């Protein structure tokens, strides 16, 4: 009798354990579907900023600059990893790098893929359990990555066909991928002379993107290879806008001077031209807000974008760098200064770089309030 009771209890325990495991697995899957990457800003392709810190690929490994500790470390948290073999995550994370509650999201090549395939991955906080979220096919080179909620936007360029032959005209495009629904759609695709999509940003109804291309033929390019002025006359730098409802891409502004990033204030893109800074609507209407040569800098605090501009006027080596800061579209200009060049302001951190490429950080709040801040450098730790 006791044996029968014991078996009955063991069976019940086993049922609860199985239900618990299945429930846990269901919970994990349910949670893993609702992935919302942190907003990430890229600066000239090499730096990936978000609210937690900055990622930068240096030599053979991805490094994480942590402003909370002041340390620069190899971006791998796998226990016991010596970071010397190809299975170290820091060796294959290269683009679109950011955080979620569950781990790191990135584009990379942890395994061999076709030349025109790019994988989007997530790896948990322990540096284990690598999972491919999506495989983009027909993409040989990614030029920019932008996250908005659960949506991922990539711009790409293809210059060779599937047989490895050079295309007469390279192809560029923009793809939207929804992590929640696992759906991909192509928003833009075009072939031009030497095209490149430099950077992107979103408003409520569509995407702004900087589009470079040339109207020179291949024969003209060879004939005028040493003539920079001829090439310049045929080069176009446009700000284009494409609606997410199927509206085709159209040029809303051209002759841009600086295009490291495209801030969006009150649904309008900020455009830096030779003679000043403009706000540009998705319909192409422009309004000048500042004269002179300026460069826009990624600025994102408290869930909102602001406008930070760095002057391109010449300065002496000992002169401080001057900036124009606008908290909102309608706020007045505030002049700021820093010792080193500011690359980005994201969350509570302002990021700077000196002429040798050394990185520094300081208080974003103090910086935007016009205070002279301490620009601290990072210590490298293994």
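The values are calculated or read from the model by the stated rules, or taken from the named source; none is laboratory data. Computed from a prediction, not measured in an experiment: that's the story for all the values here. Please note: Cβ atoms are built from the backbone with ideal geometry, for glycine as well, and neighbour counts cover all protein chains shown.
Restricting region 256-286 to residues that are on the phi > 0 side of the Ramachandran plot and touching a strand residue (DSSP E or B) at 6+ places or on another chain (Cβ under 7 Å) leaves a set whose member that is surrounded by the most Cβ atoms within 10 Å (Cβ to Cβ) is 276. In region 156-181, what count of residues is obtained for those that are assigned to a strand (DSSP E or B) and in contact (Cβ under 8 Å) with a residue 12 or more places away in the chain? Qualifying residue count, region 156-181: 17.
Does residue 289 satisfy being within 20 Å of residue 143 (Cα to Cα), buried (at least 16 other Cβ atoms within 10 Å of the Cβ) and touching a residue at least 24 places away in the same chain (Cβ under 8 Å)? So residue 289 does not fit the description; no.
Of the listed requirements (1) on the phi < 0 side of the Ramachandran plot; (2) touching a residue at least 40 places away in the same chain (Cβ under 8 Å); (3) within 24 Å of the chain's Cα centre (by Cα), residue 310 misses just one: (2).
Within region 38-60, track down each residue that is surrounded by 17 or more Cβ atoms within 10 Å (Cβ to Cβ) and assigned to a strand (DSSP E or B). If the condition is that a residue be surrounded by 17 or more Cβ atoms within 10 Å (Cβ to Cβ) and assigned to a strand (DSSP E or B), then 41, 42, 43, 47, 48, 49, 50, 53, 54, 55, 56, 57 are the ones that fit. The set of residues from region 136-155 being without any contact (Cβ under 8 Å) to a residue 40 or more places away in the chain and either surrounded by 14 or more Cβ atoms within 10 Å (Cβ to Cβ) or not in a strand (DSSP E or B) (or both) comprises 138, 139, 140, 141, 151.
Does any residue of region 23-37 turn out to be in a helix (DSSP H, G or I), modelled with pLDDT of 90 or more, more than 30 Å from residue 362 (Cβ to Cβ) and touching a strand residue (DSSP E or B) at 6+ places or on another chain (Cβ under 9 Å)? The answer is no; no qualifying residue exists. Within region 256-268, the presence of at least one residue that is farther than 17 Å from residue 43 by Cα, in a strand (DSSP E or B) and modelled with pLDDT of 95 or more is confirmed. Taking the numbered list (1) within 22 Å of residue 264 (Cβ to Cβ); (2) modelled with pLDDT under 90 in turn, residue 336 passes all entries but (2).
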